[in-house]
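The values are calculated or read from the model by the stated rules, or taken from the named source; none is laboratory data. All values reported here derive from a predicted model rather than from experimental measurement. Ideal geometry is used to build each Cβ from the backbone, glycine not excepted, and the neighbour counts take in all protein chains shown. Keep in mind that these areas ignore ligands, DNA and RNA; they rest on the heavy atoms of the full protein, side chains included. Shrake-Rupley method; radii C 1.70, N 1.55, O 1.52, S 1.80 Å.
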Amino acid sequence: MRLSRFGESFGHGAGIVQLMDDLGRAAALNPDMLMLGGGNPGRIPQMERRFRERMQRILDDGDAFERVVGGYGPPQGHLRLIRALARLLNESLGWAVGPENIALTNGSQSASFMLFNMLGGQGADGEPRRILLPLTPEYIGYADQGAEPGLFTAGRPQIELLGRYQFKYRVDFDNLRVGNDVAALCVSRPTNPTGNVLTDGEVTSLRRLAADHAIPLIIDNAYGVPFPGIVFTEATPVWDENIIVCMSLSKIGLPGVRTGIVVAAPEYIEALSGMNAIVNLTTGSFGPELVLDLVESGEILDLSREVVRPFYERKAMAAVARLELDLSGYPFRVHKPEGAIFLWLWFEDLPVTAQVLYERLKARGVLVIAGHHFFPGLAGEWRHRDECIRINCSQDDARVHRGLAIIAQEVRKAYDE
Ligand code: PLP
């Protein structure tokens with residue numbers, strides 16, 4: 001097979017593809033593997049019941065099922081859901097958006113791919129244009145999304161130590177340089193992998209920075225408000241014509257339906273719809289139909305607030321308490337859990353790299369992700385990258401706790417050897 005440069009950039013050389021292969025192989029070889037690695041949301045019975053009920057109603061309602069699966073929609077996506085989302089965002093968050101501000105995509109992953117390559121890459125003037133990630137660690141899924149190499153540039157964070165065992169990353173505005181080559185800023189809020197939630201002050205400064213450079217600020221809201229609403233701290237959700245907000249149905253428990261939502265100025269929505277038409281014809285209508293009544297009635301807000309958020313908050317707090325106990329006395333810190341479904345652990349001066357720790361844990365039947373994968377676009381050496389791991393605590397409690405106990409044993413062993 002002879003691939004183009006474009007083809008090669010998405011092949012097996014890509015870090016995320018290798019990592020996913022490795023995780024998949026490890027899980028296939030050992031069915032008892034404790035899966036604290038991937039990004040799968042937890043299974044929440046109350047949410048699952050609600051989705052099943054809705055599915056049953058579609059099946060029982062005349063030819064509703066045939067209408068859902070039997071036709072293409074417009075490239076912008078399912079219009080009735082788009083109208084319902086516009087109303088929900090107006091009423092719940094006060095965002096002045098209409099249907100012209102919303103496009104649906106096949107997952108928010110494909111939204112970021114389209115946005116990054118629409119804005120970044122070689123400009124009409126022949127000059128490279130990049131996406132600046134103001135704070136790394138940042139979402140691993142961005143890392144290989146550039147159709148052209150070198151799409152990302154990134155900043156190191158400031159680290160604020162909190163108490164004996166926690167810390168928080170902050171945007172290092174003093175050292176953040178927005179060059180002429182920067183086409184957009186992008187942050188996930190809450191952040192995958194760290195569970196960080198950028199403060200309102202940081203977001204205000206990023207908005208100002210973007211506006212001053214006449215570039216958009218992309219806020220990846222896959223875990224944010226109003227749904228799934230996995231935020232444990234005070235944080236104002238913001239949108240204006242210079243902000244592109246990406247949302248998703250995945251983390252309320254529907255990653256399999258592949259539905260992403262982009263909220264942006266009409267020019268971006270038109271460009272995205274055009275790209276979507278070329279790549280996908282349209283966006284799948286199954287996810288939109290499954291949540292239509294939840295969005296039209298506003299029940300999705302109550303479920304997010306009363307079911308989804310407490311589910312993850314309880315898991316995160318229990319895991320932190322467990323780790324602080326098991327690793328007490330060791331130079332261990334966890335990023336303050338402020339949202340999302342992960343914990344980010346930092347083992348300062350660990351005698352082995354996080355990759356070695358990953359291998360040792362895999363051999364003991366626990367899958368995590370080594371931290372160095374989460375710094376897309378960050379130039380230069382920085383040992384901190386090799387001192388962190390990401391764990392996902394959203395699976396079954398007993399299995400998570402067994403996994404955490406093994407992690408603590410291996411970390412103690414590494415410090416003691
Ligand atoms: N953005 C972030 C920050 C994520 O963590 C994920 C998935 O884990 C995505 C985007 C992609 O979500 P989707 O399933 O909607 O493609």
Residue that is farthest from the chain's Cα centre (by Cα) [pool: residues in region 387-405 that are charged (D, E, K, R) and open to solvent by less than 60 Å² (accessible area, probe 1.4 Å)]: Glu387
Under the condition of being of a type outside the set (A, V, I, L, M) and surrounded by fewer than 23 Cβ atoms within 10 Å (Cβ to Cβ), which residue from region 237-252 is nearest to the ligand (Cβ to nearest atom)? Pro237
Can you confirm whether region 9-24 contains a residue that is open to solvent by less than 90 Å² (accessible area, probe 1.4 Å) and on the phi > 0 side of the Ramachandran plot? no
So Arg87 clears everything in (1) more than 16 Å from the ligand (Cβ to nearest atom); (2) part of a helix (DSSP H, G or I); (3) open to solvent by less than 50 Å² (accessible area, probe 1.4 Å) except one condition, right? Which one? (3)
Only residues that are under 20 Å from Ser112 (Cβ atoms) and either away from the ligand (no atom under 16 Å from the Cβ) or not hydroxyl-bearing (Ser, Thr, Tyr) (or both): list them for region 282-311, please. Thr282, Gly284, Gly287, Pro288
Any idea which residue in region 253-266 is farthest from the ligand (Cβ to nearest atom), counting only those that are open to solvent by 10 Å² or more (accessible area, probe 1.4 Å) and touching a residue at least 12 places away in the same chain (Cβ under 8 Å)? Pro266
Would it be correct to say that Gly339 is open to solvent by 30 Å² or more (accessible area, probe 1.4 Å), within 25 Å of the chain's Cα centre (by Cα) and not charged (D, E, K, R)? no
Go through region 65-84 residue by residue and tally those that are part of a helix (DSSP H, G or I) and open to solvent by less than 10 Å² (accessible area, probe 1.4 Å). 3
May I ask you to list the residues in region 219-232 that are away from the ligand (no atom under 11 Å from the Cβ) and in contact with a strand residue (DSSP E or B) (Cβ under 7 Å, 6 or more places away or on another chain)? Val225, Val231, Phe232
Taking region 183-212 and the residues there that are charged (D, E, K, R) and under 15 Å from Trp239 (Cα atoms), the one that is farthest from the ligand (Cβ to nearest atom) would be Arg208
Does Asp293 fit the bill of being charged (D, E, K, R), touching an Asp or Glu at 6+ places or on another chain (Cβ under 8 Å), at pLDDT 95 or above and not in a strand (DSSP E or B)? yes
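Residues Arg2, Arg83, Arg49: which one is free of Cβ contacts under 8 Å to residues at least 40 places away in the same chain and in contact with a strand residue (DSSP E or B) (Cβ under 9 Å, 6 or more places away or on another chain)?
Checking each option against the conditions leaves just Arg83.
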Would you pick out the residues in region 99-111 that are open to solvent by less than 10 Å² (accessible area, probe 1.4 Å) and either within 13 Å of the ligand (Cβ to nearest atom) or in a loop (DSSP other than H, G, I, E, B) (or both)? Leu104, Thr105, Gly107, Ala111
Out of all the residues in region 52-76, which are free of Cβ contacts under 8 Å to residues at least 40 places away in the same chain and aromatic (Phe, Trp, Tyr)? Phe65
Please find, within region 112-125, the residue that is surrounded by the most Cβ atoms within 10 Å (Cβ to Cβ) out of those that are within 13 Å of the ligand (Cβ to nearest atom) and of a type in the set (A, V, I, L, M, F, W, C). Leu115
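Within region 130-182, considering only strands (runs of 3 or more DSSP E) that don't extend past its boundaries, which have at least 2 residues that are more than 16 Å from the ligand (Cβ to nearest atom)?
157-162, 166-171
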